[in-house]
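Undergrad: There's a structure below that I have some questions on.
The values are calculated or read from the model by the stated rules, or taken from the named source; none is laboratory data. Bear in mind the structure is a predicted one, so any value in this text is a computation, not a measurement. Methodologically, a virtual Cβ is constructed for each residue, glycine included, from the backbone with ideal geometry; neighbour enumeration extends over all protein chains shown.
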Amino acid sequence: MNAWDIIKTIIFGGSTLVFFFILWFYNPFKHVEHYEVDKEVKEIIANPWKKVENGKTIAEEGRELFIASCSSCHSLRYDGIYLMSVQTNPKWKSVEKSVGRPVYRYGVLYKDRFFVPRDVYEAFAYDDLQGLKATLGQVPPDLSTMYLARGEGYLYQLILNPQKVLPGTTMPQLFNPQYDKQAKEKVAKIVAYLKSVNTPPPKEQIKRNVMGVLVIVYFIAMGSLLWKYRTNFLKRLGYH
């Protein structure tokens, strides 16, 4: 393979990677709705690991709000949160300990939270889920990856005013700014919590970025060594 063949290979491979990158990560044909978020709210969501006056983090407060306000309809299996009716079932604890595994995230092992396989959870909670379906028209989704799928603006506006985002939805407005001065702050904390489940803290993100760079460097170095070995091997066989 001469220099021109190598250049053509690089151009073709690079073009293919760019093409799939655009389609996968930034699809220009996909319609995306933009939802505005107040500056104060944005600051809360952007810092889920920031500690507040009571010593808890914003994400921890958001988790408590999620359990109290959202777990009657929604689960969040990635962080060991299941329907309130399921978690109050005396038999559920034994299911968690027998088939679940403790939640481990960003260097912390939460021994009081268990990730249970979806099929096991849905089999145990079948009657509860069907009851919600009969009442609401469908089973409310698990929100484990909802932040990644929808983003902060959509989630904030949906929780704050469900009818505005999804007209006709059966989801109730639990946080009304007209009656609760802290409604926007509470919703922001819930969204910050959902972000903390899907997005690593800054220090962890730096580690991942460094690891990603090292992996790329490793593959480049190994590729170069293998190419050199291949060239020398072909020379010994008399092809060069």
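Undergrad: Quick one: how many residues across segment 149-166 are crowded, with 18+ Cβ neighbours inside 10 Å and of a type outside the set (D, E, K, R)?
TA: 9
Undergrad: Right, here's the next one. State all residues of segment 122-168 that are touching a Lys or Arg at 6+ places or on another chain (Cβ under 9 Å) and charged (D, E, K, R); if no residue qualifies, say none.
TA: Once the filter is applied, which keeps residues that are touching a Lys or Arg at 6+ places or on another chain (Cβ under 9 Å) and charged (D, E, K, R), segment 122-168 yields Asp142, Glu152.
Undergrad: Still on this structure, I have one more. With Asp142, Asp119, Asp112 as the choices, which residue is among the acidic types (Asp, Glu), under 26 Å from Thr199 (Cα atoms) and in contact with a His (Cβ under 8 Å, 6 or more places away or on another chain)? Can you show your working first?
TA: Values: Asp119 fails: in contact with a His (Cβ under 8 Å, 6 or more places away or on another chain); Asp112 fails: in contact with a His (Cβ under 8 Å, 6 or more places away or on another chain).
None of the other options fit; the residue is Asp142.
Undergrad: Please work out which one of (1) under 30 Å from Leu109 (Cβ atoms); (2) outside the structural domain of Glu64 (by TED's automatic domain parsing) is the condition Leu225 fails and give its number.
TA: Checking Leu225 against (1) under 30 Å from Leu109 (Cβ atoms); (2) outside the structural domain of Glu64 (by TED's automatic domain parsing), the one that fails is (1).
Undergrad: Can you find a residue in segment 49-72 that is over 30 Å from Gln130 (Cα atoms), buried (at least 21 other Cβ atoms within 10 Å of the Cβ) and of a type in the set (A, V, I, L, M, F, W, C)?
TA: yes
Undergrad: On the basis of being at pLDDT below 95, among the small types (Gly, Ala, Ser) and exposed (fewer than 13 other Cβ atoms within 10 Å of the Cβ), does Gly14 make the cut?
TA: It is true that Gly14 is at pLDDT below 95, among the small types (Gly, Ala, Ser) and exposed (fewer than 13 other Cβ atoms within 10 Å of the Cβ).
Undergrad: Just name the residue that is surrounded by the most Cβ atoms within 10 Å (Cβ to Cβ) out of those in segment 171-210 that are within 23 Å of the chain's Cα centre (by Cα) and of a type in the set (Asp, Glu).
TA: Per the criteria, the residue is Glu185.
Undergrad: Which residue pairs have Cβ atoms under 8 Å apart, sit 6 or more places apart or on different chains, and have a first residue in segment 195-215 that is closer than 12 Å to Tyr147 by Cβ and touching a residue at least 40 places away in the same chain (Cβ under 8 Å) and a second that is basic (Lys, Arg) and surrounded by 14 or more Cβ atoms within 10 Å (Cβ to Cβ)?
TA: As it stands, the answer is Val197/Arg105, since those pairs meet every condition given.
Undergrad: Need at least 1 residues that are over 16 Å from the mean Cα position of the chain (by Cα) per element, so show me which helices (runs of 4 or more DSSP H) inside segment 39-152 make the cut, counting only ones lying wholly within it.
TA: 39-46, 58-69, 84-87, 92-99, 118-124, 126-136
Undergrad: Can you name the number of the only condition in (1) touching a strand residue (DSSP E or B) at 6+ places or on another chain (Cβ under 8 Å); (2) modelled with pLDDT of 95 or more; (3) aromatic (Phe, Trp, Tyr) that Trp92 fails?
TA: Evaluating Trp92 over (1) touching a strand residue (DSSP E or B) at 6+ places or on another chain (Cβ under 8 Å); (2) modelled with pLDDT of 95 or more; (3) aromatic (Phe, Trp, Tyr) leaves (1) as the failure.
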